[in-house]
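K.L.:
Handing you this structure, nothing more for now.
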Amino acid sequence: MGTVAKEVAPEVVGVIDVDGVIQEIDIQAVLDRIDLNALLDRIDLDLLLDRMDVNALLDRLDVDQIVAKLDVNAVLGQVDVDALVERTQIGSLIARSGAGVAGKVLDVARSQGVGLDSFVHRSMNRFLRRDPAAIPAGPPLLVGLAHPTAT
């Protein structure tokens with residue numbers, strides 16, 4: 001503003017109905033003339049972020065709504081599983097858990113075998129009409145060790 005405008009401005013402002021002038025302005029036409037990119041280039045984002053209360057902003061976010069919009073399948077589709085396995089010890093965990101599963105399967109098979117053996121043994125004793133009281137409780141040496149006070 002020039003020197004003359006500075007001297008005239010207070011006198012003109014006193015005479016002009018500023019509210020009436022503002023009501024007559026086409027705000028959309030003013031906004032259309034603004035170069036938004038030039039305006040954004042002038043903003044100091046670091047200063048803006050320093051003044052912002054990030055915790056208050058996070059409190060206003062609806063995390064459930066954000067998670068509901070998240071496409072988990074699309075996110076997981078972008079995961080490089082091979083690279084993830086290489087960076088972790090998941091491979092050794094899988095090997096150990098695989099061995100653990102195999103061991104449990106073998107234990108179940110052995111248990112079933114023992115159960116089948118007992119079933120066959122009882123069935124044969126009935127078929128041959130053996131007296132259950134006459135059947136030994138186990139091998140003589142083991143039965144003797146199980147009950148050291150029996151002798």
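K.L.:
For the stretch 138-150, name all the residues that are open to solvent by 100 Å² or more (accessible area, probe 1.4 Å) and either modelled with pLDDT of 80 or more or touching a Lys or Arg at 6+ places or on another chain (Cβ under 9 Å) (or both).
P.N.:
Within the stretch 138-150, 140, 141, 142 qualify.
K.L.:
Out of (1) among the aliphatic types (A, V, I, L, M); (2) loosely packed, with under 10 Cβ neighbours inside 10 Å; (3) more than 31 Å from the chain's Cα centre (by Cα), the odd one out for residue 16 is which?
P.N.:
It is condition (2) that residue 16 fails.
K.L.:
Give me the pairs, please: first residue somewhere in the stretch 115-126 and more than 14 Å from residue 137 (Cα to Cα), second residue anywhere and assigned to a helix (DSSP H, G or I) and open to solvent by 100 Å² or more (accessible area, probe 1.4 Å), beta-carbon distance under 6 Å, and either six or more positions apart or on two chains.
P.N.:
As it stands, the answer is none, since no pair meets every condition given.
K.L.:
Need a quick list: helices (runs of 4 or more DSSP H) entirely within the stretch 45-115 having at least 1 residues that are modelled with pLDDT of 85 or more and exposed (fewer than 10 other Cβ atoms within 10 Å of the Cβ). Spell out how you get there, then give the answer.
P.N.:
Working: elements: 45-51, 54-60, 63-69, 72-77, 81-87.
Hits in the stretch 45-115: 45-51, 54-60, 63-69, 72-77.
The values are calculated or read from the model by the stated rules, or taken from the named source; none is laboratory data. Quick caveat, the model's predicted, so the values are computed rather than measured. Glycine gets a Cβ as well: all are built from the backbone with ideal geometry, and neighbour counts include every protein chain shown. Protein only, heavy atoms only, side chains kept; ligands, DNA and RNA dropped before computing areas. Shrake-Rupley method; radii C 1.70, N 1.55, O 1.52, S 1.80 Å.
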